1. Could you please put Met109, Met200, Met398 in sequence from largest to smallest accessible area, using a 1.4 Å probe?
2. Please list, ordered by chain and number, the residues whose modelled amide H lies under 5 Å from the amide H of Gly389; skip anything fewer than 5 residues away on the same chain.
3. At 1.4 Å probe size, with the rest of the protein present, what percent of the exposed accessible area of region 59-203 is carbon and sulfur atoms?
4. With r defined as the distance between the Cβ atoms of Trp204 and Asp367 and R0 fixed at 25 Å, what FRET efficiency is calculated, to the nearest 0.05?
5. Post the alpha-carbon centroid distance, region 140-156 to region 316-377, in whole angstrom.
6. Send over the Kirkwood Rh of region 152-194, from the inverse of the averaged 1/r over different Cα pairs, rounded to one decimal Å.
7. Using the Cα atoms of region 104-181 to build a convex hull, what is its mean projected area in square nanometres?
8. Mean 1/r over all different Cα pairs, inverted: what Kirkwood radius does region 310-366 give, in Å?
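The values are calculated or read from the model by the stated rules, or taken from the named source; none is laboratory data. Here the structure is a predicted model, which is why all the values come from computation and not from measurement. All Cβ positions, glycine included, derive from the backbone under ideal geometry; neighbour counts span all protein chains shown. Calculation scope for accessible area: heavy atoms of the full protein, side chains included, ligands and nucleic acids excluded. Shrake-Rupley method; radii C 1.70, N 1.55, O 1.52, S 1.80 Å.
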Amino acid sequence: MSIKAMDFSLRINPSICFTQNPPKPSSKLRFLTVRCSLPLTSDDAATGLAERPWKVADARLVLEDGSIWKAKSFGASGTQVGEVVFNTSLTGYQEILTDPSYAGQFVLMTNPHIGNTGVNFDDEESRQCFLAGLVIRSLSITTSNWRCVETLGDYLAERNIMGIYDVDTRAITRRLRQDGSLIGVLSTEQSRSDEELLEMSRSWDIVGIDLISGVTCNAPYEWVDKTKSDWDFNSNGRDQETYRVVAYDFGIKHNILRRLASYGCKITVVPSTWPAAETLKVKPDGVLFSNGPGDPSAVPYAVETVKEILGKVPVFGICMGHQLLGQALGGKTFKMKFGHHGGNHPVCNLLNGRVEISAQNHNYAVDPASLLEGVEVTHVNLNDGSCAGLAYPALNVMSLQYHPEASPGPHDSDCGKN
């Protein structure tokens, strides 16, 4: 290995640098020469380039609008296509990573510092990571949390999830807010040209795709995990199984199941295609239609299941379940410009006038004007006035567009804590 010497001549008056009371400015400046040596590889020596002690840009995010964003990679390598959405949560990136509702999407975190708490195995919201990739501004080089068992980069690499950092997330967020959610391609493969990646982004679409079938469970199972008292607001009904609930898994989060269990529910989780007749055979006290990814119009079989159960047993829908209920009640759903993703969305409960800060993750919404007569809008998103909750007392139906279990997020909507 050879050594390359570089001389830097600095116009410095040493007396100004090293005295508490510097003298008056003088035109007589002396030169201070600093010599440093950098190791060079044989290839570098031939090209005159010094070896860099830091990671250089080795990844690209190519958006369908033609913009190309250079970045540094972490986690897995390769090429992946997905819809880019931004999330405004300040914490809880591990819950976000394991939320099945993000299937098919690149999640861009608007909070610039990610990875500082590492990851642990208590905050998992599902059996795996379903999102297409993670986009962040600054990747923490250290972890500072007593529960940390692994770094974020190692966690993503083991789960084959791509991530990029040192990219201008503020500029991308402004573009998404202005133009709406965009399809993008994330790649670490230098052999692929920008034009090839751009063509990939423009030839793929998330609208009309059944993403639920890729995240649902394969067979029914009983939920047995109880909510730990440290994370539970309810102390009266804990461990007292009073209600039998069938939960349709459209991409259900574990914390939803834990919260139901803490309020005395014995829960059977069933696949998204589970026949309504089989559900009604067990005579449940209620049916939950869970959260999940994608376009509710792409899963007509789920809407038919909801219709067959309505009026026969009380039902509750969350997120995707809310949208499916809206369609089953004669309503229409539409794709939002950039959706709601984050743990800080204000919602007004029209039943009591209370404003709640909520955790949300959805790109579609219910058009309340299209609903059957008698269906009530119970909650409204205060950012844009969109429908955030429904009720139909005649059929014992209620639903919420946001995530009432608040994982991650505030617990304003948890009535049991008051």
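1. Working: Met109 0, Met200 55, Met398 110 Å².
Of Met109, Met200, Met398, the descending order of accessible area is Met398, Met200, Met109.
2. Thr378, His379, Gln401
3. Working: 2660 of 6020 Å².
Carbon and sulfur together cover 44 percent of it.
4. Values: r = 27 Å, r/R0 = 1.06.
Here the calculated transfer efficiency is 0.40.
5. 35 Å
6. Working: mean 1/r = 0.0786 Å⁻¹.
The Cα-based Kirkwood calculation yields 12.7 Å.
7. On the way: hull surface 22.1 nm².
About 5.5 nm², averaged over all directions.
8. Values: mean 1/r = 0.0780 Å⁻¹.
Final number for the Kirkwood radius of region 310-366 is 12.8 Å.
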